[in-house]
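Asker: Before we start, here is the structure in question, set down as structure tokens.
The values are calculated or read from the model by the stated rules, or taken from the named source; none is laboratory data. Please read all numbers here as calculations on a predicted model, not as lab measurements. Glycine also receives a Cβ, built like all others from the backbone with ideal geometry; neighbour counts cover every protein chain displayed.
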Amino acid sequence: MKKSLSLKIQNLINLSSTKAILLPVIITTSLITNASVAQTVTTTTTTTKDSTTIKVVTTEKAKYPRTVGYLSFILPLETLQGGKTTGNFGSATSIGFPVGVNVLYSDHFGFSYEFTPTIKSTNSTSKTSNLLFDPGTMFRFNGGFTIITRLAFETEGRYGFTPVFNQIYARTKDVNYFVALSLPNRFGDNEAYSIGLNLQIGFIFN
């Protein structure tokens, strides 16, 4: 009887000992598994964050305000004044060389400062005939299209305003190429009101 009871007690002790040994093992294993899962999630999250960061850097917008310069030449095609139309390729030919700076405040707005010296050539001579200062506001649209509303002040004595319709037609790393049509409206200097059509071609430094 005593022997049988002793065996039962011994078996109970052994079972308890086994449980006591297995319990820490189970807990440790559980913690390790959870840690591994947590580590995997963290790694995945980190990878996701890294990917997101790369996308943000890739799609980062340009900082404003931003200043860019440009060079160009301009040809007066036709001028209507006092009911008479005058072309640019008759007895005299004029060509201007607009140079300026654009201050860009956003993707949609900017301000342009432009100076245009003009050379006039006839059959007998050629000379610098006029200097135009025409600052103006820039309304920028998608696709490289811009409308510029310029004021105009000429050393010849004329003044007025010039709406400009500008389109970028080619882009490179260093410069963007543009073409523009403008409608110079002029007053003053004891002359009749005039309106013209000009063609301008040039490039903007990036």
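Asker: Would you confirm, using the coordinates I've provided, whether VAL164 is surrounded by fewer than 16 Cβ atoms within 10 Å (Cβ to Cβ), in contact with a strand residue (DSSP E or B) (Cβ under 7 Å, 6 or more places away or on another chain) and either outside the structural domain of LEU183 (by TED's automatic domain parsing) or among the aliphatic types (A, V, I, L, M) (or both)?
Answerer: Values: surrounded by fewer than 16 Cβ atoms within 10 Å (Cβ to Cβ): no; in contact with a strand residue (DSSP E or B) (Cβ under 7 Å, 6 or more places away or on another chain): yes; either outside the structural domain of LEU183 (by TED's automatic domain parsing) or among the aliphatic types (A, V, I, L, M) (or both): yes.
Criteria not met by VAL164.
Asker: Shifting gears a bit: Name the residues in the stretch 188-206 that are more than 17 Å from THR86 (Cα to Cα) and of a type in the set (Phe, Trp, Tyr), would you?
Answerer: Listed by number, the residues that qualify are PHE203, PHE205.
Asker: Might you let me know whether the stretch 170-179 holds any residue that is touching a Lys or Arg at 6+ places or on another chain (Cβ under 9 Å), assigned to a strand (DSSP E or B) and not hydroxyl-bearing (Ser, Thr, Tyr)? Step through it out loud before you land on a result.
Answerer: Within the stretch 170-179, the subset touching a Lys or Arg at 6+ places or on another chain (Cβ under 9 Å) is 177.
Going one step further and asking which of them are assigned to a strand (DSSP E or B), we end up with 177.
Checking the rest, the ones that are also not hydroxyl-bearing (Ser, Thr, Tyr) come to none.
Within the stretch 170-179 (the criterion being touching a Lys or Arg at 6+ places or on another chain (Cβ under 9 Å), assigned to a strand (DSSP E or B) and not hydroxyl-bearing (Ser, Thr, Tyr)), the answer is no, since none of the residues qualifies.
Asker: Is it the case that PHE115 is farther than 16 Å from GLY69 by Cβ and among the aromatic types (Phe, Trp, Tyr)?
Answerer: On the way: farther than 16 Å from GLY69 by Cβ: no; among the aromatic types (Phe, Trp, Tyr): yes.
No: the conditions fail for PHE115.
Asker: Here is a further query. Out of LYS127, LYS120, which single residue is charged (D, E, K, R) and within 13 Å of ILE74 (Cα to Cα)?
Answerer: The unique qualifying residue is LYS120.
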